[in-house]
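Participant: Have a look at this one.
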Amino acid sequence: MNDILFDSIRINQLEIKNRIYMPAMHLNMAENFFITDRLIDFYSKRAEGGTGAICVGFATVNNLAGYPKNIGAHKDEFIPGLKKLADAIKNGGAKSVVQLNHSGRYNMSFLTGGKKPVAPSAIASSLTKEVPQELTIEEIKKIIKDFGDAALRVKKAGFDAVEILSGTGYLISEFMSGLTNKRDDEYGGSFENRSRFGMEVIQEARKQVGENFPIIIRMNGNDFMPKGQGREELLKYAKKISAKGYADALCINVGWHEARVPQIIASVPAGVFSYLSAGVKKAVDIPVIASHRINTPQIARNLLNEGEADMAAIGRSLIADPDFAVKAKTGREKEITHCIGCAQGCFDNIFKMAAVECLCNPLAGYEKTRLISKAKNKKNILIIGGGVAGMTAALTAHKRGHKVVLYEKNRLGGQIFIAAAPNGREEFERLAEDLIFKVNSSSIKVIIKPVDEKIIEAGNFDEIVIATGAAPAIPRIEGINLKNVVSSWDVLQNKAYTGKKTVIIGGGAVGVETALFLSEKGCLSGEALKFLFINKAESYDDLYKLATRGTKKITVVEMINKVGKDIGKSTRWAMLQDLSIKGIKVVTQAKALKITEDYLLVEYNGKEEKIFCDTIVIAAGSVSYNPLEAIIKEKSVPYHIIGDAQKAGLAYDAIHNGFEIGRKI
């Protein structure tokens, strides 16, 4: 049977071997705008993995368009590096594209040597809080020319196509939207005027690269900004730029960076935004590319088969597994390492000004520097604990050629199944499933049984890896042992009952996740909501309440001045927003003093208060669980402690720690 995902497609004169398009993602891997070996290694690996076309960037069109960790396309001196990157991608078998962009008001003066960011109007972004300089007509014309000049450099460097970013809250979309464009000249006011800047950018690029060089426009299908540009006006723009002589393909993006609709995290349903590309595809006669949360080949196939798009933009899934395409093509989809939307290594690193990495793939960004070589001396290795750290260490040591025995007392996956319990966090279970499949497909010997001293003595092991994970932290609070007190871990595993009025002690990641997990109790399911909505059984307002307000009254109590301090920035804002949507009460700077059968006594604002409740959930974090180290030490066997057994942390830390130990044994 023909696989539509691997049908070729033509954009202008460019023939692409399949329908997999890797969209531009800022990687923070350039140095002073120059291409680095790290960038070349990263993209080469994705090209060799069977991807149809790879778009790099974004690349800057002038000095204020980005900052030095962006790829530069604003000077001729960047062409040699761009050529090396284009050649590497094409030598790997993929077509090469560069995305051009100007950040506009999203740039920050501390990144540009003190120069103020620029925008159509002097309106600050809620992200940067910095008021930009309003552009003059002369400056606008210069930026338009800058885009064209950069497009020509891309062509001279040997790339197969250029993409222009016309969305996401950057400069072109700032001109497009009435929220950020308050001008009263030919670039402001009516839709015709507000879209003029984008149109002239495309015209200038076309003029410089010629009619046969492909120009792709990445644009929003909906900006998700209150009183911003919705589907209707953006569809008008799509029709305008798809006319002959403008764009050759449209890549449909969603949202601005400051929009309050989640776009890339695990709680976003996979493939949910393909309805936007479907709407555009009905209105234009050029290829349309769907984007966002397309993390399996089958999701991509479905939207192609259903006519929602002509290509699928697969981004972070290719960070997680550079061989995504070749595995899908050769019937090895079960071997794919899936992106789980955690954002811990990719988007969270951008906020830290660090290079992009990946929770699921420790080799991402280190394609040549973290290679797994065969060990000179093959060893007999014992791994104690089958969580994500233990499985990663086992798999890596096995690739080194060692004989590996993995013991797990319950089931492979460990605590990651607890992380997967809250609504919107189910993708973490896929991480466990991917690792379990790889372990079971290898010659690693897996034994589901607790490890004791006899096993350690009888195994004749050369080295031991302790990956026994963590246990719930139990705070010292009077009444902690009462029957109405339960552990968050037990709640998340449905092992503990909670009453209608529930108080959660601890506002870290586990406390927030537990609150959101309990808030779903008594809410309408997605299926029920769709049925009632279609049949107009209830009003929209009532359906919203029934979908967001369950049967429990939940209060989160936290000692410090904020909740979710250990949640990554990309995810935290959305989880806190969900707390508000679900009506969960949050009490910060409150110290739990005493638990009774009827209430929790806290110290708050300098006085004692009672919070009446039926159940108290302890979510005070976790502590390392490592009962075997002393025994192993006595046996004089070399050992390593990894993951939460060493220090309670994120899944990212556990996997990378396990990988490094496995690589060094």
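The values are calculated or read from the model by the stated rules, or taken from the named source; none is laboratory data. Every value quoted in this text rests on a predicted model; they were computed, and no experiment measured them. In this analysis, Cβ positions are derived from the backbone assuming ideal geometry, glycine residues included, and neighbour counts consider all displayed protein chains.
Participant: Of the residues that make up segment 15-33, is at least one among the hydrophobic types (A, V, I, L, M, F, W, C), without any contact (Cβ under 8 Å) to a residue 40 or more places away in the chain, farther than 17 Å from residue 218 by Cα and part of a loop (DSSP other than H, G, I, E, B)?
Facilitator: Within segment 15-33 (the criterion being among the hydrophobic types (A, V, I, L, M, F, W, C), without any contact (Cβ under 8 Å) to a residue 40 or more places away in the chain, farther than 17 Å from residue 218 by Cα and part of a loop (DSSP other than H, G, I, E, B)), the answer is no, since none of the residues qualifies.
Participant: Give me the helices (runs of 4 or more DSSP H) completely within segment 286-362, filtered to those with at least 3 residues that are touching a residue at least 60 places away in the same chain (Cβ under 8 Å) and closer than 19 Å to residue 44 by Cα, ordered by residue number.
Facilitator: The qualifying helices (runs of 4 or more DSSP H) are 316-320, 324-329.
Participant: Please work out which residue is farthest from the chain's Cα centre (by Cα), limiting yourself to segment 149-165 and to residues that are small (Gly, Ala, Ser) and closer than 11 Å to residue 215 by Cβ.
Facilitator: 151
Quick grid of which residues meet (1) closer than 28 Å to residue 126 by Cα; (2) in the same structural domain as residue 151 (by TED's automatic domain parsing); (3) not in a loop (DSSP other than H, G, I, E, B):
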| residue | (1), (2), (3) |
| --- | --- |
| 184 | yes, yes, no |
| 208 | no, yes, yes |
| 212 | no, yes, no |
| 225 | yes, yes, no |
| 228 | yes, yes, no |
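Participant: Just need a number here: residues in segment 51-70 that are among the hydrophobic types (A, V, I, L, M, F, W, C) and either farther than 15 Å from residue 107 by Cα or not assigned by TED's automatic domain parsing to the domain that holds residue 109 (or both).
Facilitator: Step one: filter segment 51-70 for residues among the hydrophobic types (A, V, I, L, M, F, W, C), giving 53-56, 58-59, 61, 64-65.
Those still in the list that are either farther than 15 Å from residue 107 by Cα or not assigned by TED's automatic domain parsing to the domain that holds residue 109 (or both) too: 53-56.
Qualifying residue count for the region: 4.
Participant: Which members of segment 624-653 meet the condition of being surrounded by fewer than 21 Cβ atoms within 10 Å (Cβ to Cβ), within 27 Å of the chain's Cα centre (by Cα) and among the acidic types (Asp, Glu)?
Facilitator: Within segment 624-653, just 653 meets the criteria.
Participant: Looking at segment 1-40 only, could you name the residues that are at pLDDT 95 or above, of a type in the set (A, V, I, L, M) and within 23 Å of residue 309 (Cβ to Cβ)?
Facilitator: Matches in segment 1-40: 4, 5, 9, 11, 14, 16, 20, 22, 24, 25.
Participant: Is it the case that residue 279 is modelled with pLDDT under 95, among the small types (Gly, Ala, Ser) and over 18 Å from residue 170 (Cα atoms)?
Facilitator: Criteria not met by residue 279.
Participant: Here's a follow-up. Can you confirm whether segment 465-472 contains a residue that is in contact (Cβ under 8 Å) with a residue 12 or more places away in the chain, within 28 Å of residue 317 (Cβ to Cβ), surrounded by fewer than 22 Cβ atoms within 10 Å (Cβ to Cβ) and not assigned by TED's automatic domain parsing to the domain that holds residue 262?
Facilitator: Scanning segment 465-472, I find no residue that is in contact (Cβ under 8 Å) with a residue 12 or more places away in the chain, within 28 Å of residue 317 (Cβ to Cβ), surrounded by fewer than 22 Cβ atoms within 10 Å (Cβ to Cβ) and not assigned by TED's automatic domain parsing to the domain that holds residue 262, so the answer is no.
Participant: Which residue, of 529, 516, 524, is in contact with a Pro (Cβ under 6 Å, 6 or more places away or on another chain) and surrounded by 15 or more Cβ atoms within 10 Å (Cβ to Cβ)?
Facilitator: Every option except 516 fails the conditions.
Participant: OK, next. Of everything in segment 109-133, what is without any contact (Cβ under 8 Å) to a residue 40 or more places away in the chain and either of a type outside the set (Lys, Arg) or touching an Asp or Glu at 6+ places or on another chain (Cβ under 9 Å) (or both)? Give them in sequence order.
Facilitator: 109, 110, 113, 114, 116, 122, 124, 128, 130, 131, 132, 133
Participant: Name the single residue that is surrounded by the fewest Cβ atoms within 10 Å (Cβ to Cβ) among those in segment 348-385 being of a type in the set (Gly, Ala, Ser) and under 28 Å from residue 323 (Cα atoms). Steps first, please.
Facilitator: Of the residues in segment 348-385, the ones of a type in the set (Gly, Ala, Ser) are 354-355, 364-365, 373, 375, 385.
Still in the running and under 28 Å from residue 323 (Cα atoms): 354-355, 364-365, 373, 375.
Numbers: 354: 13, 355: 20, 364: 26, 365: 24, 373: 9, 375: 15.
Only one residue fits best here, namely 373.
Participant: Are there any strands (runs of 3 or more DSSP E) wholly within segment 561-645 with 3 or more residues that are over 30 Å from residue 546 (Cβ atoms), and if so which?
Facilitator: Result: 590-595, 599-604, 607-612, 622-624, 639-641.
Participant: Do any residues in segment 381-404 that are in contact (Cβ under 8 Å) with a residue 24 or more places away in the chain and part of a helix (DSSP H, G or I) have Cβ atoms under 8 Å from those of residues that are polar (S, T, N, Q) and buried (at least 24 other Cβ atoms within 10 Å of the Cβ), where the two are at least six apart or on different chains, and which pairs are they?
Facilitator: 389/657
Participant: Turning to a different aspect of this structure: Applying the selection to segment 47-63, what residues are out of contact with any helix residue (DSSP H, G or I) (no Cβ under 9 Å at 6 or more places or on another chain) and in a loop (DSSP other than H, G, I, E, B)?
Facilitator: Within segment 47-63, just 63 meets the criteria.
Participant: Let me confirm something: among 536, 545, which residue is of a type in the set (D, E, K, R), at pLDDT 95 or above and assigned to a helix (DSSP H, G or I)?
Facilitator: 545
Participant: A further question on this structure: Confirm whether residue 109 is among the hydroxyl-bearing types (Ser, Thr, Tyr) and surrounded by fewer than 19 Cβ atoms within 10 Å (Cβ to Cβ).
Facilitator: Yes, satisfied.
Participant: Another one. Scan 178, 245, 169 and give me the residue that is among the small types (Gly, Ala, Ser), modelled with pLDDT under 95 and not in a helix (DSSP H, G or I).
Facilitator: Exactly one residue qualifies, and that residue is 245.
Matching residues to (1) farther than 16 Å from residue 393 by Cβ; (2) in contact with a Ser or Thr (Cβ under 9 Å, 6 or more places away or on another chain); (3) at pLDDT 95 or above; (4) of a type in the set (Ser, Thr, Tyr):
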| position | (1), (2), (3), (4) |
| --- | --- |
| 615 | yes, yes, yes, yes |
| 621 | yes, no, no, no |
| 630 | yes, no, no, no |
| 633 | yes, no, no, no |
| 636 | yes, no, no, yes |
| 645 | no, yes, yes, no |
| 648 | yes, yes, no, no |
| 658 | no, yes, yes, no |
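Participant: Those residues that are among the aromatic types (Phe, Trp, Tyr) and either within 11 Å of residue 284 (Cα to Cα) or not assigned by TED's automatic domain parsing to the domain that holds residue 182 (or both), I need them from segment 230-254; list them, please. Let's see the steps before the verdict.
Facilitator: Going residue by residue through segment 230-254, those that are among the aromatic types (Phe, Trp, Tyr) are 237, 246.
Result: 237, single match.
Participant: Still on this model: If the requirement is being modelled with pLDDT of 95 or more, within 30 Å of residue 652 (Cα to Cα), in contact with a Phe, Trp or Tyr (Cβ under 9 Å, 6 or more places away or on another chain) and surrounded by fewer than 20 Cβ atoms within 10 Å (Cβ to Cβ), which of these qualifies: 557, 587?
Facilitator: 587
Every residue, every condition in (1) on the phi > 0 side of the Ramachandran plot; (2) of a type in the set (A, V, I, L, M, F, W, C); (3) in contact with a strand residue (DSSP E or B) (Cβ under 9 Å, 6 or more places away or on another chain), yes or no:
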| position | (1), (2), (3) |
| --- | --- |
| 323 | no, no, no |
| 329 | no, no, no |
| 332 | no, no, no |
| 339 | no, yes, no |
| 343 | yes, yes, no |
| 349 | no, no, no |
| 354 | no, yes, no |
| 359 | no, yes, no |
| 363 | no, yes, no |
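Participant: Condition (residue is in contact with a strand residue (DSSP E or B) (Cβ under 6 Å, 6 or more places away or on another chain) and surrounded by fewer than 17 Cβ atoms within 10 Å (Cβ to Cβ)) applied to segment 387-394: is it met by at least one residue?
Facilitator: no
Participant: On to the next question. I need the full set of residues from segment 473-498 which are surrounded by 22 or more Cβ atoms within 10 Å (Cβ to Cβ) and within 17 Å of residue 597 (Cα to Cα), in order please.
Facilitator: 498, the sole residue that qualifies.
Participant: If you check 600, 628, which single one turns out to be over 30 Å from residue 337 (Cα atoms) and outside the structural domain of residue 533 (by TED's automatic domain parsing)?
Facilitator: It is 628.
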